[in-house]
1. What is the number of the single condition among (1) under 26 Å from Val143 (Cβ atoms); (2) more than 16 Å from the chain's Cα centre (by Cα) that Asp46 does not meet?
2. Cβ contacts < 6 Å: first residue under 28 Å from Leu77 (Cα atoms), restricted to segment 25-54; second residue open to solvent by 20 Å² or more (accessible area, probe 1.4 Å) and of a type in the set (Ser, Thr, Tyr), any location; separation 6+ or different chain. Result?
3. Of all residues in segment 38-53, count the ones that are within 16 Å of Val112 (Cα to Cα), surrounded by 13 or more Cβ atoms within 10 Å (Cβ to Cβ) and modelled with pLDDT of 95 or more.
4. Any residue at all in segment 122-137 that is touching a strand residue (DSSP E or B) at 6+ places or on another chain (Cβ under 9 Å), assigned to a loop (DSSP other than H, G, I, E, B) and in contact (Cβ under 8 Å) with a residue 60 or more places away in the chain?
5. Would you tally the residues in segment 138-151 being open to solvent by less than 20 Å² (accessible area, probe 1.4 Å) and in a helix (DSSP H, G or I)?
6. Answer yes or no as to whether Leu199 is under 25 Å from Lys96 (Cβ atoms), touching a strand residue (DSSP E or B) at 6+ places or on another chain (Cβ under 6 Å), open to solvent by 10 Å² or more (accessible area, probe 1.4 Å) and in contact (Cβ under 8 Å) with a residue 24 or more places away in the chain.
7. Scan segment 161-207 residue by residue and report those that are assigned to a strand (DSSP E or B) and of a type in the set (A, V, I, L, M).
8. Residues of segment 67-95 being at pLDDT 95 or above, over 17 Å from the mean Cα position of the chain (by Cα) and acidic (Asp, Glu), which ones?
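The values are calculated or read from the model by the stated rules, or taken from the named source; none is laboratory data. Keep in mind that what you see is a predicted model, and the values were worked out from it rather than measured. Here the Cβ positions follow ideal geometry from the backbone for every residue, glycine too, while neighbour counts run over all protein chains shown. Remember, those area values only see protein heavy atoms, side chains included, never the ligands or the DNA or RNA. Shrake-Rupley method; radii C 1.70, N 1.55, O 1.52, S 1.80 Å.
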Amino acid sequence: MKALIIVDVQNDFIPGGALAVNEGDQIVPVINELQQKFDFIVATQDWHPAEHGSFSANHSQKSVGEFIDLNGVNQILWPVHCVQGSKGAEFHPDLKNDKWKAIFKKGTHPKVDSYSGFFDNNKQGDTGLSAYLKENDIDEVFVCGLATDYCVKFTVLDAISEGFKTTLIADATRAVNINENDYIHAIEEMAQGGAKVVLAEEILYFS
């Protein structure tokens, strides 16, 4: 059975948000359409404590984009975003959620970031997503959301490592693009890792 995983379509990742992804809002209607094709849908949600170690504001004399060692992981520093209970952590208001089976919160531990919807960045924390999907006889996942080069990429790669047949819906994602070609490189990395890469129209009109 197949499932759609919607990654982090939250206000802080939308233009105007604290960690805005260019054109991030444009994927919302596409994802809403895609949801009509799936009976089993889950979402991930960045859910950071205010003191999270990935926030540059929590390190004196450090700026966004610099790297630090965070609990043994080479961690890029981000602006404060998706703080638990904040407006920025809420899902985009136009994103439909009536068919969702579950929401998996991530990034809740202050000492380690969590890009993937499955595990934190040092693979010591498990969100429970993999077990939940397997308990519900899911063997194939389709991934969309924000952002292509971080949370989507790591969710896709972990889905593959967990044994799921994995498809990236490329145009239902957008990238942070700290470097100009990060989107392209992320797509290539996912494809090389074993993901099938498709466009939304292939799901909407040919499946």
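1. Going through the list (1) under 26 Å from Val143 (Cβ atoms); (2) more than 16 Å from the chain's Cα centre (by Cα), Asp46 breaks only (2).
2. Correct list of pairs: Trp47/Thr108.
3. Matching residues across segment 38-53 total 7.
4. There is at least one residue in segment 122-137 that is touching a strand residue (DSSP E or B) at 6+ places or on another chain (Cβ under 9 Å), assigned to a loop (DSSP other than H, G, I, E, B) and in contact (Cβ under 8 Å) with a residue 60 or more places away in the chain.
5. 3
6. Yes, satisfied.
7. Residues satisfying the conditions are Leu168, Ile169, Ala170, Ala172, Val197, Val198.
8. Correct list: Asp94 only.
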